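Derivation of every value follows stated rules applied to the coordinates shown; laboratory data play no part. Just so you know, these numbers come straight off a predicted model, no measurement behind them. As a convention, Cβ positions derive from the backbone with ideal geometry for all residues, glycine included, and neighbour counts pool all protein chains shown.
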Amino acid sequence: MFRISMLSRKSGAAAPLPSNPGDTSPAAPPAGSASPAAPSAQPGMPEQVARNLKTQGDAMVQYGARLLVIRELLFALAAGLPPAARASVERRFRERIDQLLALTDDRALPGEFHDTLLAEINYYLTELKG
């Protein structure tokens, strides 16, 4: 099951809670700071670079949302499987992961990639056993 605390710890994206829980308005930026919605307001940053950064940021947020939905779907599917089917899925999953790890060993990928990959693998193996 997805845990908010895991996401905030991994990405550092945890937002402070509003002082008034009923208040859903966005927090005002500190005085003298540029608005995050207007990255082009920073001196010396070309407009195209600012647009590209916003587009890439939006794409990452959308990608993350899709991954969370897939994770929850797989959790729900695994929870509904009888123990024998779970064991079969786990065996096939391990075989495919071994193939994937063999592919990634031949490439120079950042440590963060490997750390995240192993964390996800372990998450799903735990869910299949549960």
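List, in order, the whole-Hz ³J(HN,Hα) value for each residue of the stretch 112-126 obtained from phi through the Karplus relation with A = 6.51, B = -1.76, C = 1.60 and θ = phi - 60°; use x for Gly and Pro.
The phi angles translate into 4, 4, 5, 4, 5, 4, 5, 5, 5, 4, 5, 4, 5, 5, 4 Hz.
How large is the charge dipole for the stretch 72-112, taken about the Cα centre, if only the Cβ atoms of Lys, Arg (+1) and Asp, Glu (-1) carry charge, to the nearest 20 debye? The partial results should precede the final answer.
On the way: 6 positive and 7 negative charges, 50 e Å.
Here the size comes out at about 240 debye.
Find which of Leu118, Met60, Pro83 sits farthest along the positive direction of the dipole of the stretch 41-130, computed with +1 on the beta-carbon of Lys and Arg, -1 on that of Asp and Glu, about the Cα centre.
Working it through, the farthest residue towards the positive pole turns out to be Pro83.
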